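This report concerns only the one structure given below.
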Amino acid sequence: MSERKKTPSYDTFTKNDYQFFNDRLKHKKAENVIDWAYGLFNDKLVYACSFGAEGIVLTDMIAGVKKDARIVFLDTHLHFKETYELIDKVKQRYPELQIDMIEPELSLEEQASVHGEQLWKSKPDLCCDIRKNKPLKRALKGSTAWLSGLRRDQSPSRAATEFVNKDDKFAMIKICPLIHWSWQDVWNYIHEKELPYNSLHDRQFPSIGCEPCTFAVKEGEDHRAGRWAGLEKTECGLHLKPLSKKE
């Protein structure tokens with residue numbers, strides 16, 4: 001498919017299209033991938049940002065390409081105060097960005113009433129589904145593609161991520177500009193640009209999510225070791241493929 005012959009969408013993109021665009025972009029820088037993505041999808045592209053270190057890098061790059069881009073943050077009502085403080089700083093630095101705070105349909109009180117107190121302890125996957133997956137699906141409605149800060153070296157489940165990915169979970173095209181970046185690359189960019197970042201990163205929190213499910217990591221531990229520590233869980237589900245009917 002040529003870039004302009006069809007309106008790009010999850011339904012019209014073929015396996016060959018993903019291969020074509022990934023081959024075309026494979027030697028490009030992250031900024032080039034972002035520029036290409038907004039050129040192709042324009043307002044149908046949305047960035048789902050958690051405001052971790054990678055998120056700050058992408059936000060800065062996005063603002064340089066499309067200063068009024070739409071960014072969604074999944075406000076579970078369980079985030080650290082440092083995360084909310086950072087979002088306020090980002091809004092001040094990039095006043096034209098459209099940062100939408102996406103909330104779950106259930107308040108924490110309503111969730112406790114239906115499913116019991118501290119659902120993140122008893123059924124963490126269900127909690128993530130209610131407070132992250134379903135809200136993101138709602139936030140992505142009307143869009144064709146979404147940006148993510150996934151890096152290949154973050155975890156084994158992310159090692160095969162491409163620049164352009166078929167996202168069957170949300171029936172979207174997922175763009176990941178930072179797949180080749182290292183953790184050091186991320187911080188080099190942040191320091192070079194003097195960008196604001198979550199102060200928890202200075203206290204051994206490389207990956208930051210909801211407060212009850214995020215802990216500091218020890219020297220040498222995997223960056224995601226502090227997420228859902230003690231549980232057989234490493235992902236909230238946003239970046240996992242849906243199970244087949246047989247599974």
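The values are calculated or read from the model by the stated rules, or taken from the named source; none is laboratory data. Being a predicted model, the structure only gives us computed values, none of them experimental. In this analysis, Cβ positions are derived from the backbone assuming ideal geometry, glycine residues included, and neighbour counts consider all displayed protein chains. Just so you know, the surface numbers come from the protein's heavy atoms only, side chains and all, with ligands and any DNA or RNA stripped out. Shrake-Rupley method; radii C 1.70, N 1.55, O 1.52, S 1.80 Å.
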Can you name the helices (runs of 4 or more DSSP H) wholly within region 1-102 that have at least 1 residues being within 17 Å of the chain's Cα centre (by Cα)? 30-41, 53-65, 81-93
Going through region 197-218 one residue at a time, which ones are of a type outside the set (G, A, S) and touching a residue at least 40 places away in the same chain (Cβ under 8 Å)? Y197, N198, L200, H201, P206, I208, C210, E211, P212, C213, T214
Say we look at region 16-65 and pick out the residues that are of a type in the set (S, T, N, Q) and touching a residue at least 60 places away in the same chain (Cβ under 8 Å); which of these is least open to solvent (accessible area, probe 1.4 Å)? N22
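Residue-wise test of (1) under 24 Å from D88 (Cα atoms); (2) among the polar types (S, T, N, Q).
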position: R138; (1), (2): yes, no
position: T144; (1), (2): no, yes
position: N165; (1), (2): no, yes
position: N188; (1), (2): yes, yes
position: E192; (1), (2): yes, no
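Check E82, E109 and return the single one that is more than 21 Å from V46 (Cβ to Cβ), in contact with a Ser or Thr (Cβ under 8 Å, 6 or more places away or on another chain) and of a type outside the set (F, W, Y).
On the way: E109 fails: in contact with a Ser or Thr (Cβ under 8 Å, 6 or more places away or on another chain).
Exactly one residue qualifies, and that residue is E82.
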Restricting the search to region 66-84, which residues are over 22 Å from S143 (Cα atoms), open to solvent by 10 Å² or more (accessible area, probe 1.4 Å) and either in contact (Cβ under 8 Å) with a residue 60 or more places away in the chain or aromatic (F, W, Y) (or both)? L78, H79, F80, E82, Y84
Please specify each residue of region 85-108 satisfying the condition of being surrounded by fewer than 17 Cβ atoms within 10 Å (Cβ to Cβ) and more than 25 Å from K141 (Cα to Cα). E85, D88, K89, Q92, R93
